[in-house]
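Please read the structure below before turning to the comments.
Every read-out reported here was derived from the displayed coordinates using simple, explicitly stated rules and does not represent laboratory data. This structure is a prediction, so every number in the text was calculated from the model and none was measured. FYI the Cβ positions are ideal-geometry reconstructions off the backbone, even for glycines, and counts take in every protein chain you see.
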Amino acid sequence: MAVEIQVRVNGKTHDSRVEPRLLLVHYLRDVLGLTGTHIGCETSLCGACTVLLDGKAVKSCTVLAVQADGSEVTTIEGLAAQAPGNGAKGGLHPVQEGFWEKHGLQCGYCTPGMILTSVQLLEDNPDPSEAEIRRALAGNLCRCTGYQHIIEAVRYAAKKMSKGKR
Amino acid sequence: MIPAAFEYHVPKTLEETLRLLERHGDEAKVLAGGHSLLPLMKLRLAAPRYVIDIGRLRGMSYIREENGQIAIGALTTHADLESSALLLMRCPLLPETAAEIGDVQVRNRGTLGGSLAHADPAGDYPASILALDAEIIAASTAGTRTICARDFFVDMLTTQLRPGEILSQVRVPPLAPRTGAAYCKLHQPASGFAIVGVAARLTLGKGGKIDSAAVGITGVGPKAYRAAAVEKALRGKKPSPKLLADAARHAAQGVEPLSDLHASAEYRREMAAVFTRRALERAIARAQGKKA
């Protein structure tokens, strides 16, 4: 039996009727058409499906859409608009810019998840050490072995965001 | 990987939850953060007819001092435990354990109550809950009862909780004077689950001898257990590296270790001794007021 849910995704409210067993990642991709959230392992290990649920990084393959009822979701599509000073005029979030500038990706499959996990990290800890970045990203796997550049991308974003606050 | 269909309930209160559980009995599963239950449902290892979502019940996520103990609500997440100022000061073993679970995303969603009720043989909390002699509060329409940690774990994925009961709270004692505790874990590198996880809590007497020792071990057997032989070998003795290493050799005594593609039974037995020694060393150093 379908259940009514209301979820605010990237600042826009969606009222949907969903099957209770629908996973949040399928809701985002198949119902809302937001395919920037990737499906990797489907077993809560790889982190490709990471989104922010009420500001916290979660693996959307291990959350039911009904569990997000009444919540706020940020996906990679909505991140730039939430960056300070960006508004709706586009541009990149500082973490996205870091991945661009520091070549933090090769194939790009893990990138949306990496970026959203990094966003939560920098919110909790604006100046993380390399060890702290590695620990924060332990739940996001990159099969291109691009970790070093990813660390540099996050450090770039940390610097840029702390400058913006000064 | 999509779960089998189920009927979904979102009760507004604990009372309503308990009535639903009473009505549906063992056909119902309680969903909190979903990080134990949903993986099982996606693999179709579990296909409950009713899912009762308590994830957003009010007043079940808290960490507070109560009658000389620390009471923790079942819906408290691993991330909340990891960063709780109260626990870091009064019962640092729990934050140390929570920090070893999964990854950031898992710790953001997974809950203490859900993890304990699931009783995964490779879960982290059972070791610490046992070493702390914690109490687990189970609620049902008939009222609440207290289960001590030693009795709580029955077998692989099986606890003392009865159909119709919900784990509502965990109570742990604050760290006593001259006491040190530590959790040391060998991670399965892909999943992060414990191949071996050892929680030790040691109290020194005024003369520097070990007054009391509690050691909980997870990952090794089908359920977490207290390493009674290790504890016995320590009690009343003056701590030395040799004593700790000798005691640690009894870590898997009386236990038939699990064997799987990640670790053979022999390897688990060996690692149980290694990680028990490490946990004891760290706990002793902390009890002596050293940084460890």
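General remarks:
- Values of log10 I(q)/I(0) for region B:196-256 across q = 0.27, 0.29 Å⁻¹ run -1.12, -1.24, by the Debye formula with one identical scatterer at each alpha carbon and no solvent.
- For chain A, the longest principal axis of the Cα atoms and the long axis of helix A:111-124 meet at an angle of about 70 degrees.
- Mean residue ellipticity, 222 nm, helices only, chain A: the sum of -39500 (n - 2.57) across DSSP H runs of n ≥ 4, divided by residue count and rounded to 500, is -10000 deg cm²/dmol.
- Per residue, chain B reaches -9000 deg cm²/dmol at 222 nm when only DSSP H runs of four or more residues are counted, each adding -39500 (n - 2.57).
- As a size descriptor, the averaged projected area of the C-alpha convex hull of chain B was calculated at 14.8 nm².
- Sites B:K206 and B:L86 - FRET efficiency at Förster radius 25 Å, r taken between beta-carbons, to 0.05: 0.35
- Coupling constants for region B:241-252 follow from the phi torsions by the Karplus curve (6.51 cos²θ - 1.76 cosθ + 1.60, θ = phi - 60°), and in residue order they are x, 5, 4, 5, 5, 5, 4, 4, 5, 8, 4, 10 Hz; glycine and proline get x.
- Computed with the Debye formula from one identical point scatterer per Cα of region B:7-52, without solvent, the log10 of I(q)/I(0) at q = 0.16, 0.21, 0.32 Å⁻¹ comes to -0.41, -0.68, -1.21.
- Relative to the Cα centre, the charge distribution of region B:1-98, modelled as +1 at Lys and Arg Cβ and -1 at Asp and Glu Cβ, gives a dipole magnitude of about 280 debye.
- Likely footprinting exposure, B:L204, A:L64, fewest C-beta neighbours within 10 Å first: B:L204, A:L64
- In terms of distances greater than 27 angstrom between alpha carbons, the cross-link table entries A:K12/A:K59; A:K159/B:K291; A:K102/B:K42; A:K12/B:K29; A:K160/B:K185 yield A:K159/B:K291; A:K102/B:K42; A:K12/B:K29; A:K160/B:K185.
- Considering every alpha-carbon pair of the protein assembly as shown, the percent of pairs per 20 Å bin, from zero through the bin containing the longest distance, is 24, 53, 22, 1.
- Partner chain coverage, peptide B:187-196 - average Cβ within 10 angstrom: 1
- Residue mean of other protein chain beta carbons inside 10 Å, A:67-74: 2
- Couplings 3J(HN,Hα) for region B:20-27, derived from phi with the Karplus relation 6.51 cos²θ - 1.76 cosθ + 1.60 (θ = phi - 60°), are 5, 5, 5, 5, 9, x, 7, 7 Hz, where x marks Gly and Pro.
- Placed amide H near A:L64: partners under 5 Å, 5+ positions off or other chain: A:L24
- Pairs of Cα atoms in region B:179-287 fall into 5 Å distance bins, from 0 up to the last occupied one, in shares of 2, 15, 26, 24, 15, 10, 5, 2, 0, 0 percent.
- Checking every one of the trypsin sites (Lys or Arg not before Pro) in region B:14-52 against DSSP loop status and a limit of 14 other Cβ atoms within 10 Å picks out B:R44, B:R49.
- Neighbour counts of other Cβ atoms within 10 Å put B:D53, B:D26 in the fewest-to-most order B:D26, B:D53.
- Residue-normalised convex hull volume from the C-alpha trace of region A:84-165: 88 Å³ per residue.
- Of A:S129, A:S71, B:S128, B:S212, the sequence from fewest to most neighbouring Cβ atoms within 10 angstrom is A:S129, B:S212, A:S71, B:S128.
- Long-range HN-HN contacts of B:I210 with modeled amide H, under 5 Å: B:G205, B:G236, B:K237, B:K238
- Computed log₁₀ I(q)/I(0) - Debye formula, equal Cα scatterers, no solvent, chain A, q 0.08, 0.16 Å⁻¹: -0.23, -0.88
- Residues whose amide H comes within less than 5 Å of that of B:F193, counting only those at least five positions distant or on another chain, are B:Q188 (H built at 1.01 Å from N in the peptide plane).
- Of A:D54, A:D69, A:D15, the one that fluctuates the most in a GNM where chain A has Cα springs shorter than 10 Å: A:D15
- Axis of helix B:265-287 versus longest Cα principal axis of chain B: the two differ by about 70°, to the nearest ten degrees.
- Taking only Cα atoms of region B:157-240, radius of gyration then Dmax in Å: 15.9, 49
- GNM flexibility winner over chain B from B:K232, B:K223, B:K242 (Cα, springs under 10 Å): B:K242
- Above 18 Å, the calculated P(r) of region B:1-114 contains 55 percent of its Cα-Cα pairs.
- Counting only Cα atoms, region A:1-74 measures 30, 26, 19 Å along its principal axes, largest extent leading.
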